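What follows is a set of notes on a single structure, which appears directly below.
We did not get these values from a lab; they are worked out from the coordinates using the rules stated. In this text the structure is predicted, and so the values were computed from the model without any measurement. Because the Cβ atoms are built from the backbone with ideal geometry, glycine has one as well, and the counts that use them run over all protein chains shown.
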Amino acid sequence: MKTKFLFVIIATFGLLIAGCKKEDNSKASVKLTSQQIAQVENSDAQDAIAEKTDQDIDKTIDQLQVSNYQVPIIKSLSTSGSLVITINHPDSTTFPKVVTLVYTNFQDSTAFESFVKNGEIDIIISAAGSDKQLVTRALTFRHFSVSTDSTTFTVNGSRTLVRTGRSFKFMGLQGSRFTTTDNIAANLSYAITKTGVSDTLKFTRVVARVRKAFLHYDNFGGMLWRNARFRFNLAKDTITYSGTVTGINEKGEAYSKTVSANNPLIVTFYKGTPVISSGIVDYSVTGATAASFTIIFKEDPDHPKNTLVTVTNNTTMNTYSFDRRFGRKFRRWW
């Protein structure tokens, strides 16, 4: 069951590092100004690199939890670089425990792209009473960086994940469902550099969000629990996000994003590809380029592996639509 959860998290990486495809303008009724389009795309890219970092750390800690915090003798996904993991209590019962991850030119990768990590992340893990699966993870990033192609982003700050709920439901012939609920709070700063570019772009994020994962298994055994045999079914899975993100963007302007619990971002899977199938984001920016947008995510019936994103300027009511899809390279929109 835990292994299945890891699979879903890993699969989500590609979506969160996706770029924006702008050429499909036939779906836009009235285009936004080029400046407003840049605002939305910059914001989308900030979310992508921030989420990529968060999900990578969750994956690593989930793997340790599955192994009862026993560190593998060899911990590397490639022949280049290293990841050194130390744990003060490598067992499944003693809490709190301190986990330190030290990356040195460590190469990780998604289906399409390689990521090189450097730096240190310190994590304090505590458990809620007797349930060792309901954990709190308090992370501190110490000049942690991720490089992809010619772009490097460096993260400093803290992030806390509190697993507030988990449940398992046996549904007879249909199979079973495993559900987890995480409350995530973070106060992080990011610096972005690119080979051949002299300036360093910076932005900050203060996060307060709820993430729910609904993971499904088909039963190919029998009606009774003792006869049940399960295999995961990614096509039925969903992950939802709601909450707020506030901060300062790369131009030094304050911004905010809100996803209501009534219209959360819902990630589903099409033939193994994660897609934001629905959701609404209210996005506003202050300063010289002050604006307010409503961003609607939907499945694209013409391109099932893409998400159709429609942005509306709440003052002029002008709109702009584009497909969000997988990209082979991280796309820097600044």
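Key figures
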item: Per-residue Cβ neighbour rank within 10 angstrom, fewest leading, Lys251, Lys169, Lys117; result: Lys169, Lys251, Lys117
item: Phe106 long-range amide H proximity, modeled H, under 5 Å; result: Ser82, Lys117
item: Residue exposure sequence - Arg209, Arg159 - by fewest surrounding Cβ within 10 Å; result: Arg209, Arg159
item: For Val275, residues with placed amide H under 5 Å, excluding near neighbours; result: Thr268, Phe269, Tyr270
item: Likely footprinting exposure, Ser198, Ser278, fewest C-beta neighbours within 10 Å first; result: Ser198, Ser278
item: For the stretch 237-253, Karplus couplings with θ = phi - 60° (6.51, -1.76, 1.60), whole Hz, Gly/Pro x; result: 6, 9, 10, 10, 10, 8, x, 9, 9, 10, x, 10, 7, 5, 9, x, 9
item: Shape box of the stretch 232-326 [Cα atoms, principal axes, largest first, Å]; result: 48, 26, 25
item: Karplus-derived HN-Hα couplings along the stretch 151-157 (A = 6.51, B = -1.76, C = 1.60, θ = phi - 60°), whole Hz, x at Gly and Pro; result: 10, 10, 10, 10, 10, 9, x
item: 5 angstrom amide H check on Lys132, placed H, neighbours 5+ away; result: none
